[in-house]
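What follows draws every value from the coordinates through simple rules; no lab data is involved. None of these values were measured; they are calculated from a predicted model. Quick reminder, even Gly has a Cβ in these numbers, built from the backbone with ideal geometry, and neighbours come from all protein chains shown.
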């Protein structure tokens, strides 16, 4: 809880300068965040955890989703350049990115030219 601003001290400016929110998130904000995070984890972890390739699948899904949401995290590299830089298959990472985009209804500036995006239905 924030102190009330007074004439002699600007508490709001202090909280702002420290990166503190003006108001704590309410329960509905927390519930929406928990729901969204659960959907992300469900997507990332929807692999056969007993399969020896599970860690690679989880890694690919995580990277593809992160790239789809914000390619800037990876220096705005295309999915092919990112795959090459990480030693991954470009086709595999591209497929995972397309899956993530369809699942969450997101795209980015690099995905607009992909002919598969217009032909795939969920």
How far, in nm, would the chain grow between residue 54 and residue 81 when pulled straight, counting 0.36 nm per residue and subtracting the alpha carbon separation?
-> 7.4 nm
Alpha-carbon gyration tensor eigenvalues x 5, square-rooted, for the range 11-119, Å = 31, 19, 15
Which FRET efficiency, nearest 0.05, do residue 72 and residue 16 yield, Cβ-Cβ r, R0 25 Å?
-> 0.50
Quick one: if you stick a label point 7 Å off each Cα along the C-beta vector at residue 89 and residue 108, how many nm between them?
-> 2.1
